[in-house]
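Presented below is the structure to which this report refers.
The values are calculated or read from the model by the stated rules, or taken from the named source; none is laboratory data. Note that this is a predicted model, so its numbers are computed, not measured. Note that we place each Cβ from the backbone using ideal geometry, even for glycine, and neighbour counts take in every protein chain shown. These area figures cover heavy atoms from the full protein model, side chains too; ligands, DNA and RNA do not enter into them. Shrake-Rupley method; radii C 1.70, N 1.55, O 1.52, S 1.80 Å.
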Amino acid sequence: MSENLKTIKELADELGVSKQTIRNKIDKDFREKFVQTIKIKGNNTLVINNAGYSLLKKTLQNDTAQTAKTLQNDTAQTAKTLQNDTAQTAKTLQNDTAQTAKTLQNDTA
């Protein structure tokens, strides 16, 4: 394939994503600006020029950064929730233990 044109498969392989991920990023406006259809081995094949490649790469990097940030926030929130749940469980167990001890003391007396 030409240095200036890459197939969706070539882009997906280079960027480490699936072909479907690339296809999902190609909207009508992108297609008009950066995509051509050429014949390869008798089949119509979509190819993307270098400007489109650069834009897709940047978009995917931004998506990855946003996903990482979301995962980091979700992980922090989950850790905080677990810490609160653990503290509440410990407090409940402490109260239950104290109540059981008090009941046993009263039953013994």
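Below are the figures for this structure:
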{"read-out": "Failed criterion for Leu60 (all others in (1) part of a helix (DSSP H, G or I); (2) at pLDDT 90 or above hold)", "value": "(2)"}
{"read-out": "Search result, residues across the stretch 35-44 that are without any contact (Cβ under 8 Å) to a residue 12 or more places away in the chain and open to solvent by 80 Å² or more (accessible area, probe 1.4 Å)", "value": "Thr37, Lys39, Lys41, Asn43, Asn44"}
{"read-out": "Boolean, Ala79 is open to solvent by less than 80 Å² (accessible area, probe 1.4 Å), modelled with pLDDT of 90 or more and not aromatic (Phe, Trp, Tyr)", "value": "yes"}
{"read-out": "In the stretch 1-20, the residues that are under 16 Å from Leu60 (Cβ atoms), assigned to a loop (DSSP other than H, G, I, E, B) and of a type in the set (Gly, Ala, Ser)", "value": "Gly16, Ser18"}
{"read-out": "Search result, residues across the stretch 58-76 that are hydrophobic (A, V, I, L, M, F, W, C) and either open to solvent by 90 Å² or more (accessible area, probe 1.4 Å) or within 29 Å of Ile26 (Cα to Cα) (or both)", "value": "Leu60, Ala65, Ala68, Leu71"}
{"read-out": "Scan of the stretch 48-57 for residues that are farther than 11 Å from Lys6 by Cβ and assigned to a strand (DSSP E or B), ordered by number", "value": "none"}
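Listed here are the residues, each with its yes/no results for (1) in a strand (DSSP E or B); (2) touching a residue at least 12 places away in the same chain (Cβ under 8 Å).
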residue: Ile22; (1), (2): no, yes
residue: Lys33; (1), (2): no, yes
residue: Leu46; (1), (2): yes, yes
residue: Ala68; (1), (2): no, no
residue: Leu71; (1), (2): no, no
residue: Thr78; (1), (2): no, no
residue: Gln88; (1), (2): no, no
residue: Gln94; (1), (2): no, no
